[in-house]
1. Could you list Met338, Met155, Met86, Met193 in order of exposure, starting from the residue whose Cβ has the fewest other Cβ atoms within 10 Å?
2. Which residue, Ser343, Tyr288, Ser276, has the largest displacement toward the positive end of the dipole of region 229-360 when charges sit on each Cβ (Lys, Arg +1; Asp, Glu -1)?
3. When the chain is fully extended, how far beyond the present Cα-Cα distance does Ile11 get from Ser258, taking 0.36 nm per residue of separation?
4. Taking the Cα atoms only, what angle lies between the long axis of helix 303-313 and the longest principal axis of the chain, rounded to 10 degrees?
5. Positive end of the dipole of the chain, charges at C-beta (+1 Lys, Arg; -1 Asp, Glu), about the Cα centre: which of Ser124, Ser379, Val180 has its Cα farthest in that direction?
6. If you average the alpha carbon positions of region 209-236 and of region 66-106, how far apart do those two centres end up, in angstrom?
7. Whose amide H sits under 5 Å from the amide H of Val196, counting only residues 5 or more places off or on another chain, with H placed in the peptide plane?
8. Enumerate the calculated ³J(HN,Hα) couplings along region 28-34 in order (Karplus 6.51 cos²θ - 1.76 cosθ + 1.60, θ = phi - 60°), each rounded to whole Hz, writing x wherever the residue is Gly or Pro.
Amino acid sequence: MTTKNTNKLKILNDPIYGFITIPNALIFDLIEHPYFQRLRRISQMGLSYLVYPGAHHTRFHHAIGCMHLMQKSIATLRSKGVEISMQEETALNCAILLHDIGHGPFSHALEHSIVEGIGHEEVSLFYMKELNKQFEGALSLAIEIFEGKYPRKFMLQLVSSQLDMDRLDYLKRDSFYTGVAEGNINSERLIAMLNVVDDELVVDEKGVYSAEKFIVGRRLMYWQVYLHKTGVVAEKMLVNLLKRANELSLRGIELPASKSFTYFLKNQITENNFNSNTLETFARLDDYDVLSAIKDWISHSDKVLSLLAKMIINRDLLRIEFQKEEMTKKEFQDFFEMKKKESSFTREELSYFIFKDSVQNQAYSSGKSKINIHFKNGSIVDLGQASDQLNIQALTNPVVKHFVCYPKKIV
């Protein structure tokens, strides 16, 4: 691939870490690529800005931050005698830089609404393979690491695990932009405590308290930010709006939308028919397409589409009630019928406004990607057992909260 004749030893000023250096020409060219520049138009936290007004940062911010932390981690591991070649360093930087490139509009909010049954990781891999063709094989090692096929296991753990650069950046970054101090983890301290033993990423004994704070911070951020009830109901309404738009489009009803967005509204895209043409169309789709369409849909003749669009744009959201116990099928049917008597909507139409669901938070899992603490005597112990805080072990249990959503007033 031919590259632009420009100065590629750039630095970026980041509000979290200060100056971030772009390490080489390949990384610079990846950042300059339209696929990556699109991340400037993908919000990091979906509709969380409806709760936290400062949460307007993007996936572009996050990806650059992750690459910076990867550079710091590589320097730390090398200082402790871990051999990492220049090729492996570049591959690690590429893998973490591109790990979220497959996110669609509003990140996780519409993950399975625009393309069915394919997570952003799979789409990221599609992007990486396409970029690898354009960059004449320069990303082959990065893809091998990303897919977990490279024999040095700790490299995958740096990219994807319970203590990867992704989590170390998004907790600190999202804490900064939301103003929720509980997520302000000490990523620098954690990185300084990283080591590799028997090809496994570990945290040196001195870092056990920083690891504890990281897990507790993650739990608090999930309940206070990512699973905040207003954010949850806003994203559920957005999903329902897209579902309605998709149904109307498949019936042949024209909806105002950009060409890229229209393609995904009129076609049911799954893993089986996701190809290079789909990827190119997806690469032109971002938050602006969706928001622009939603504003137009306010005046659409379909009253469900119109009302949902108006409620989202004006932040006049459904009421949401969290419950310890899930409503039984009969309880929900009775509740639904009671609300239906007050409405002129059909049962099918009302199902977009009255529904139940659940959210789950598991701060730490003692599974295959567990956080291992390396003690001075050579022993390696899972954080859940190594911590003298009983709550760390307790946080391995998933917590499920059920909720029901319904209109504040029936139209």
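Nothing in this text is a laboratory measurement; each read-out follows from the coordinates by a stated rule. As the structure is a prediction and not an experimental result, all values here were calculated from the model. Neighbour counts are summed over all protein chains in view; Cβ atoms, including those assigned to glycine, are modelled from backbone coordinates with ideal geometry.
1. Going from least to most buried by this count: Met86, Met338, Met193, Met155.
2. Ser343
3. Net length gain for the segment: 85.5 nm.
4. The angle comes out at about 40 degrees.
5. Of the options given, the answer is Val180.
6. Cα centres, region 209-236 to region 66-106: 25 Å.
7. Val202
8. Those phi angles translate into 4, 5, 5, 5, 6, 5, x Hz.
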